[in-house]
Amino acid sequence: MSENQQLLTFPFKPHLAQYLFYTLKSEVYSDEIYRHRVIKISMRSLHGKIIRVILEKADYPGIKKPQKGFALTVSIPKRDHRKKLYADGRTGELKVDPQAVELINELYQIEFENSCISYIAGRVAGQKRGGLKQAIEDIIKVYHLQDTEYNYDRLMKMYQRHKFPLKKSVYEKVNDSLYLREKKSGGKLLIDRKLK
């Protein structure tokens, strides 16, 4: 980034800003208050196409010009002063239609939830005990969500609310016709044979 380029922060919700900042691998820029990372969005990507449509509908000036892509800046409050400071780096908030901001936040909220739920489900499936608690604590630690509304209880409720095959208990009874037919005929299921 050139020294006179202005950083315009996209108004992400705090937990999404934290999640995106620590997911991105791009260079970190700092000023006196914030740390910034830039999301480079390709027009070939699904995110790029969706965000462009949203901003076009919101009549965001100049959004039709970029042919290859554009960038959104993610900013989080500074916690340490070890990063290089750009003394003349000016920052401001990107002025976008509130409805467009909400839709873009929803897009990244889906990504955030899917990422968290997939990680938790994987940890739970791989461990007999303690996997759920540890997985949620890991998410909070890695994405620095301590100061956001996404605390342990909120992430637990988010995980419990979603229904998908990986969440089924190993011991849950199967209600398919093969199971019922074998039980009625007195036949033994594979799991019954293994338990004897």
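Please verify whether the stretch 63-76 includes one or more residues that are assigned to a strand (DSSP E or B), farther than 30 Å from ASN151 by Cα and at pLDDT below 85. Before the answer, list the steps.
At the first step, the residues of the stretch 63-76 found to be assigned to a strand (DSSP E or B) are 69-76.
If we keep only those that are farther than 30 Å from ASN151 by Cα too, we end up with 69-70.
Then keep just the ones that are at pLDDT below 85; that gives 69-70.
Yes: one or more hits.
Checked against (1) open to solvent by 40 Å² or more (accessible area, probe 1.4 Å); (2) at pLDDT below 85, ASP80 passes all but condition (1).
The values are calculated or read from the model by the stated rules, or taken from the named source; none is laboratory data. What you are looking at is a predicted structure, and each value in this text was computed from that prediction instead of being measured. All accessible areas refer to the heavy atoms of the entire protein, side chains included, with ligands and DNA or RNA removed. Shrake-Rupley method; radii C 1.70, N 1.55, O 1.52, S 1.80 Å.
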